[in-house]
Amino acid sequence: MCDAAVVDKYIPWGRISMSFLLPKAGNKELTMGLMGGTFDPIHIGHLVTAEEARQQFKLDHVVFMPAGNPPHKDEAAITPAEHRYLMNMLAVVDNPYFTVSRLEIDSQQPCYTIDTVRRFYDLYNGNLKLFFITGADAILDITSWKDYKELLASCPFIAASRPGYSFDKLKIIMGSAFAEVMQRVHLLEIPAMAISSTFIRRRVAENRTIRYLTPESVEQYIYKNNLYIR
Ligand code: DND
């Protein structure tokens, strides 16, 4: 469960609230896309997915949620959360509809998506229509996520097409779970981009260019901080 203490905490440069930078609710119900990820690093596949979801599903905002201590990944193998958060901030700065949340990275415990979704509904007093944005690959193992039935019931997913993960293939691999899961999953066709964070990390380690695979500011941040160099 995400730590409630992150709602309002002190950080070295002052006091910051969990809702800092998050879209304000106002009187009308907000329609929001939440894009969770390890983002190690964020790249144009993530950004194109979020922007396409925003337009096709008429989202007021997309909030990127870098995972602090991802339950599904080896913590020692991932880049410190603060670097991943800052790369997300650099990547979204020119899009007025995109923001980044610190909710998960400020939590000391593993954050499960169901807990994050509950926190968001609480934060907006239910005055929120939330979609969780993923790539098609995430749907493949959704049944292993914490309380996945409740998660899907409370928050529909938008799943973007991804090279190597056709929905026909998912149907075969997921078997009987597919039909039930897909009742709450909206498919999103995006221009196919065979880009992954793994691919970018490998290219940096091999001293190969990553230009245009991620925003230039993120590329420069990676070099400046010697990230992904073996
Ligand atoms: P990843 O580490 O796969 O994200 O994590 C995705 C989200 O799943 C995070 O919010 C996790 O907390 C959550 N999760 C995972 C497992 C269990 C549970 C929750 C649980 O609650 O039990 P990446 O940084 O690798 O990628 C972020 C998203 O972007 C993913 O959905 C990925 O599929 C998608 N993506 C692309 N989509 C389209 N084209 C591309 C993409 N590259 C990545 N080229």
Query - Total residues in segment 34-61, condition away from the ligand (no atom under 12 Å from the Cβ) and in contact with a strand residue (DSSP E or B) (Cβ under 8 Å, 6 or more places away or on another chain) - result: 7
Requested in this report: Quick one: which residue in A81, A91 is within 15 Å of the ligand (Cβ to nearest atom), touching a Pro at 6+ places or on another chain (Cβ under 6 Å) and small (G, A, S)?
Outcome: A91
Report task. Go through the residues of segment 146-166 one by one and say whether even a single one is part of a helix (DSSP H, G or I) and near the ligand (Cβ under 10 Å from one of its atoms). Result -> yes
Query raised in the report: Taking segment 144-154 as the region of interest, how many residues are surrounded by 15 or more Cβ atoms within 10 Å (Cβ to Cβ), out of contact with any Ser or Thr (no Cβ under 8 Å at 6 or more places or on another chain) and either at pLDDT below 95 or among the aliphatic types (A, V, I, L, M) (or both)?
Result: 1
Requested in this report: Would you check which residues across segment 81-101 are over 25 Å from Y148 (Cβ atoms) and among the charged types (D, E, K, R) and list them?
Outcome: E82, D94
Query raised in the report: Which condition number does D115 fail, the rest of (1) among the acidic types (D, E); (2) touching a residue at least 40 places away in the same chain (Cβ under 8 Å); (3) more than 11 Å from the ligand (Cβ to nearest atom) being met?
Result: (3)
**Report entry** Scan of segment 185-220 for residues that are touching a residue at least 40 places away in the same chain (Cβ under 8 Å) and closer than 16 Å to T38 by Cβ, ordered by number
**Finding:** I195, S196, S197, I200, R201, T214, V218
Requested in this report: List every residue pair whose Cβ atoms sit under 6 Å apart, with the two residues 6 or more apart in sequence or on different chains, where the first one lies in segment 30-56 and is under 20 Å from I139 (Cα atoms) and without any contact (Cβ under 8 Å) to a residue 60 or more places away in the chain and the second, anywhere, is in a strand (DSSP E or B) and more than 9 Å from the ligand (Cβ to nearest atom).
Outcome: R54/V62
Query raised in the report: For segment 171-230, list the helices (runs of 4 or more DSSP H) that sit wholly inside it and hold at least 2 residues that are touching a strand residue (DSSP E or B) at 6+ places or on another chain (Cβ under 9 Å) and exposed (fewer than 14 other Cβ atoms within 10 Å of the Cβ); which are they?
Result: none
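The values are calculated or read from the model by the stated rules, or taken from the named source; none is laboratory data. From a predicted model like this one, the values you see are computed outputs, not experimental measurements. Ideal geometry is used to build each Cβ from the backbone, glycine not excepted, and the neighbour counts take in all protein chains shown.
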